[in-house]
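Values quoted throughout were computed directly from the atomic coordinates according to the rules given, and no laboratory measurement underlies them. All figures in this text were calculated on a predicted structure; none of them were measured in a lab. Note: ideal-geometry Cβ built from the backbone for every residue, glycine included; neighbour counts use all protein chains shown.
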Amino acid sequence: MTVTDAPKIVTRRIGLERSWTLESYLANDGYKGLRKALTMTPEQVHDQVNTANLLGRGGAGFEAGRKWGMLAKSDPVYLVINGDESEPATFKDHMLIEEDPHQLIEGALICAYAVRADQVFLFIRGEFALGLERVSSALNEAYAHGAVGRDIFGSGWSIDVVVHPGAGAYICGEETALLESLEGKRGFPRIKPPFFPAAIGLYGAPTIVNNVETVANLPWVTLEGGDAFAALGEGRSKGTKLLALSGDVVRPGNYELEFAKVTFRDLLFDPQLGGGIRDGNDLKCIIPGGVSAPWFGTDMLDVTLANEDIAAHGSMAGSGAVTPMDHTRCMVRAAWRISRFFHRESCGQCTPCREGSGWVEKIMERIEHGAGRESDLDLLMDVCDGISPGVAWPPAQTTICVLGPSIPSSVAWGIRLFRDEFLAHIRQGRCPFPPDRIRIAGSVSV
Amino acid sequence: MARLTPENEQRARQLIALYPVRRSALIPLLHLLQEQDGYLTADGMAHAGQLVGLTTAEVRGTASFYDMFHTEPVGRYVVAVCTNIACMLSGAYELLEHAEERLGVAPGGTTADGNFTLEDAECLALCGNAPCLTVNWRFFGDVDTARFDRIVDDLVAGNLVEQVPAHGTLNRVQRSVGLQASGATAHPASPGGAIPADGILAAGDHPLEERPTPRRSVGETA
């Protein structure tokens with residue numbers, strides 16, 4: 001039994017009939033957390049979040065309460081919710097946005113109250129059209145209900161929430177790129193220091209940027225107390241975590257589980273969770289935390305899905321996206337596809353990332369096509385070393401943001417774990433796995 | 001077709017009013033332009049620039065960065081097939097190949113009848129229902145070749161008008177109420193336009209009933 005009886009926190013309304021409506025939300029404790037928060041001082045709300053030790057759920061895993069505490073005292077202060085979920089194989093925020101938009105709004109409001117924000121922006125990935133519509137409808141309902149706007153629930157506290165659509169750029173998930181985008185510019189990450197958002201954020205004002213799942217926890221934390229949240233989980237990893245499981249498992253999906261209580265083996269093989277590798281195949285490789293994370297071999301199955309344990313084993317929990325691949329999968333093809341992604345999504349500011357990602361993709365493509373050379377493996381590692389010296393984890397950084405050092409995670413660890421497979425492509429002059437070809441956009445004329 | 005219609009210009013001014021700094025409304029305005037014309041026209045971008053105080057070059061600088069914005073005409077339906085890792089593991093490239101054959105165009109191409117533009121997309125965040133695709137940014141999950149054909153047939157027959165609005169239409173829900181961009185905190189250099197003191201922007205709540213793809217989630221058996 002690997003699934004503990006921990007309560008569902010962020011997904012408890014998912015699956016309810018019309019879970020995205022105010023009516024459904026109010027029937028299931030909706031806006032009670034905000035009402036309670038408004039009877040407390042902002043400092044008291046902040047204290048509860050500190051007690052909860054709520055780690056940011058966007059990828060970096062920084063304590064939300066500490067982040068809020070770093071906010072420069074200033075007027076104005078902005079709160080921006082990062083709903084630009086684009087890390088490949090991550091699909092948890094998409095679900096939270098579409099299925100429970102009021103929870104997102106309530107969480108954002110509690111956060112705004114605690115940090116004394118002057119305005120809230122919900123940055124929603126542009127491709128989430130239904131999500132944008134659901135959040136916009138929910139916001140209209142919340143206004144009519146008195147939960148947003150002037151004198152919220154008669155407390156005297158007023159704030160406005162703006163739903164802001166993205167326009168299609170992975171890099172805007174990086175918080176400073178997101179702020180540039182929110183200012184109507186290209187999504188170019190800013191140099192840190194000095195541009196830590198808590199010091200110099202939106203329009204140069206102190207800004208808190210929190211992930212959707214992070215703030216979705218706040219209504220529960222406020223209502224039940226930080227201690228109740230901290231009673232769940234292990235070590236630094238408290239509460240529950242929403243894990244996005246995709247790839248070669250029988251039961252892909254989002255699973256909210258008590259944090260730091262399950263291993264990869266549990267998640268993949270428990271009949272209540274992944275249900276095993278599909279088609280009766282054998283597990284070969286795990287991408288443990290989104291495609292920016294170094295790969296794990298099958299020897300890592302007993303690593304716990306906790307930020308600390310995954311980091312101790314040389315990768316990262318990242319966004320909570322877990323993608324297992326089975327023994328029929330070509331690791332060259334998988335690494336090629338991920339390198340192609342980074343090449344397409346590099347914003348182009350920094351040479352190591354812009355040029356490096358392109359060269360990695362080209363070399364990977366030629367290996368997969370059977371035209372590689374044995375020296376290509378050293379060449380790939382050399383390019384990776386140019387992007388992130390030492391090709392280690394946590395990675396050294398030569399670029400403004402962490403997109404650059406994420407490029408080697410698939411390719412370099414692919415070579416380290418599956419060197420023979422890379423060499424087989426080169427020596428046989430073809431991919432040994434069906435389908436033994438990759439298709440490139442625009443390369444086929446029909 | 002080019003500049004925003006008077007009605008859309010009014011919507012644009014309301015959007016601008018939501019932000020402390022006008023330029024922040026640029027991307028929402030570009031979405032509005034794309035909703036009006038299906039793509040971003042040169043005159044439209046110039047008009048958006050006038051409304052937020054930017055040159056056309058600055059507007060293009062922003063527009064050209066983002067995948068969702070098209071500065072050339074596209075088909076009535078933009079079909080984006082995700083081929084990133086989770087979908088690839090579930091047959092996305094085979095699906096894309098089928099889509100190319102069915103539509104007769106390669107990714108980036110538009111069919112001769114102007115109905116379809118095909119795209120090879122990055123992760124669309126529906127990985128629990130891989131492979132997935134979007135049509136005008138409306139999601140379809142667990143798509144096999146037969147389902148792809150049905151979707152195309154239904155689009156051509158006009159059976160999916162509710163689920164799939166015209167290309168460029170992102171958000172059919174207009175904001176019904178709102179505060180003026182927090183006046184005390186707005187940067188005075190670039191104030192947004194005012195929203196009436198009663199907070200009423202426009203009517204037209206449009207709660208959505210439809211959910212195109214049932215999603216596997218917590219506790220649900222496969």
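At a Förster distance of 51 Å, what's the computed FRET efficiency of A:ARG344 paired with A:GLU17, Cβ-Cβ distance as r, to 0.05?
The calculated FRET efficiency here is 0.85.
Among DSSP bridges having both ends in the protein assembly as shown, what percentage is antiparallel? Round to the nearest 5.
DSSP beta bridges in the protein assembly as shown are roughly 50 percent antiparallel.
Which of A:THR304, B:LEU32, A:MET364 sits closest to the plus end of the dipole of the protein assembly as shown, meaning its Cα is farthest towards the positive end, when Lys and Arg get +1 and Asp and Glu get -1 on the C-beta?
B:LEU32
How large is ³J(HN,Hα), in whole Hz, for each residue of the stretch B:149-165 in order, when computed from phi with the Karplus curve 6.51 cos²θ - 1.76 cosθ + 1.60 and θ = phi - 60°, using x for Gly and Pro?
Working through the residues one at a time gives 4, 5, 4, 4, 4, 5, 5, 5, 7, x, 8, 10, 4, 5, 6, 10, x Hz.
Give me a single rounded figure for B:65-71: the average over its residues of other chain Cβ atoms within 10 Å of their Cβ.
6
Which part of the stretch A:388-422 falls in the paramagnetic zone of A:ASP382, meaning amide N under 16 Å from the point 7 Å along Cα-to-beta-carbon?
Counting only backbone N, you get A:388-391.
Return the FRET efficiency for the residue pair A:HIS327, B:ALA112: r is the Cβ-Cβ distance, R0 is 41 Å, and the value is rounded to the nearest 0.05.
0.40
For the stretch B:50-151, give me the percentage of DSSP beta bridges that are antiparallel, rounded to the nearest 5 percent.
Roughly 55 percent of the beta bridges in the stretch B:50-151 run antiparallel, per DSSP.
Looking at this model, which pairs from A:LYS261/A:LYS284; A:LYS36/A:LYS192; A:LYS67/A:LYS185 are more than 28 angstrom apart at the alpha-carbon?
Pairs exceeding 28 Å: A:LYS36/A:LYS192.
Using the count of nearby Cβ atoms within 10 Å as a rough guide to exposure, how do B:SER90, A:SER339 rank from fewest to most?
Result, fewest neighbours first: B:SER90, A:SER339.
Taking the Cα centroid of the stretch A:272-324 and of the stretch B:101-169, what is the distance between the two, rounded to the nearest whole Å?
31 Å
How large, in Å, is the protein assembly as shown by the Kirkwood hydrodynamic radius built from its alpha-carbon pairs?
Its Kirkwood hydrodynamic radius stands at 25.1 Å.
Evaluate E = 1/(1 + (r/R0)^6) for A:PHE62 and A:GLU234, where r is the Cβ-Cβ distance and R0 equals 25 Å; express this FRET efficiency to the nearest 0.05.
0.90
Using Cβ counts within 10 Å as a stand-in for footprinting exposure, how do B:ASP142, A:ASP376, A:ASP84, B:ASP120 rank, fewest first?
Lowest to highest Cβ neighbour count: B:ASP142, A:ASP376, B:ASP120, A:ASP84.
Test of understanding: ordering A:ASP270, A:ASP100 by Cβ neighbours within 10 Å, fewest first, what list do you get?
Fewest to most other Cβ atoms nearby, the residues stand as A:ASP270, A:ASP100.
7 Å from Cα along Cα→Cβ at both B:GLN174 and A:GLU355: what's the point-to-point distance in nm?
Reported label-point gap for B:GLN174 and A:GLU355 is 5.1 nm.
With each pseudo-label sitting 7 Å past Cα toward Cβ, what's the A:LEU26-B:ALA157 distance in nm, one decimal?
My value for the distance between the label points is 4.1 nm.
Where both residues lie in the stretch A:22-230, what percent of DSSP beta bridges are antiparallel, nearest 5?
Counting DSSP beta bridges with both partners in the stretch A:22-230, the antiparallel share is about 10 percent.
Give me the net charge of A:TRP157's neighbourhood, meaning all other residues with Cβ under 11 Å from the Cβ of A:TRP157; Lys, Arg count +1, Asp, Glu -1.
+1
Report, in debye and to the nearest 20, how large the dipole of the protein assembly as shown comes out about its Cα centre when Lys and Arg carry +1 and Asp and Glu carry -1 on their Cβ.
Magnitude of the dipole: close to 920 debye.
Return the long-range amide H neighbours of A:LYS284 (sequence gap of 5 or more, or a different chain), with a cut-off of under 5 Å between placed amide H atoms.
Those lying under 5 Å, H to H, from A:LYS284 are A:MET325, A:ASP326, A:HIS327.
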